[in-house]
Amino acid sequence: MTDRQTMYGGLSHAAWGYLFLCVDFNLGNVSILPRFAGWLLFLSAIEKLKEERRDLALLRPLGALMALWTGADWLASWAGRDVDGLFLPLDLVIAAAQLYFLFQFLTDLAALAEAHHPEGEALSRRILLCRTVQTVLVTLFSLAPYLPAAPSNDDTNAAVLILAACYCILGLWLMISLFRLRGAFQDAAPPPLPPAPGGGAGKI
């Protein structure tokens with residue numbers, strides 16, 4: 001069995017991973033919340049939670065693949081290029097790997113919620129609902145290059161913005177749900193750092 005502090009840390013990393021995966025802010029062509037950081041956090045979460053849910057360990061190769069792919073895309077953005085879309089058959093393989101990872105990852109986290117949280121059944125259903133919505137959105141993003149173009153660029157841009165906004169909201173909802181799950185292990189949170197030597201309320 002995994003100790004409570006390790007569970008707390010693993011769920012923290014899983015929650016923060018969705019911030020990098022679903023929320024994006026750019027400076028020019030470069031994202032300041034790179035997706036590869038999210039995948040690295042997911043890999044860390046797997047390492048901490050794998051003893052509690054053995055299926056998670058099977059996701060490590062796919063997580064490493066996604067971290068490398070998104071890391072290469074982030075580095076290419078510094079040169080004003082985009083790896084996505086350059087190799088369409090490979091893009092489909094990457095998209096399938098991403099879909100499988102995210103689907104199974106949230107399935108296992110929902111099982112953890114049901115087993116450990118006081119409101120486990122309700123929280124588990126919420127995470128599974130997020131999993132279903134996420135699967136639909138990721139599928140739409142992955143198939144977008146192969147779909148017929150909209151009658152006007154304005155229609156296309158509006159559709160992309162709506163999908164991106166939905167994906168961002170989904171990520172925030174998932175973060176809230178995972179932090180709620182982490183709350184079941186709140187008593188195992190690391191203790192606060194001690195005050196600096198020489199500090200004190202009476203010092204001027």
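If you rank PHE42, PHE141 by how much accessible surface each has, with a 1.4 Å probe, what is the order from largest down?
Numbers: PHE42 0, PHE141 75 Å².
From most exposed to least exposed: PHE141, PHE42.
If you keep only loop residues by DSSP, which GluC sites (Glu not before Pro) in segment 6-104 have at most 16 other Cβ atoms within 10 Å of their Cβ?
Working: sites: GLU47, GLU51, GLU52; in loops: GLU51, GLU52.
Passing both the DSSP loop test and the Cβ count: GLU51.
For segment 18-110, what % of the accessible area comes from carbon and sulfur atoms, probe 1.4 Å?
Values: 3140 of 4710 Å².
Carbon with sulfur: 67 percent of the solvent-accessible area.
Averaged per residue, what accessible surface does segment 1-84 expose to a 1.4 Å probe, in Å²?
Working: 4320 Å² over 84 residues.
Per residue, segment 1-84 has 51 Å² of solvent-accessible surface.
The values are calculated or read from the model by the stated rules, or taken from the named source; none is laboratory data. Because the structure is a prediction, the values reported are computed rather than measured. Heads up, the Cβs are rebuilt from the backbone with ideal geometry, glycines too, and the neighbour counts pull from every protein chain shown. The area values use the complete protein model at the heavy-atom level, side chains included, leaving out ligands, DNA and RNA. Shrake-Rupley method; radii C 1.70, N 1.55, O 1.52, S 1.80 Å.
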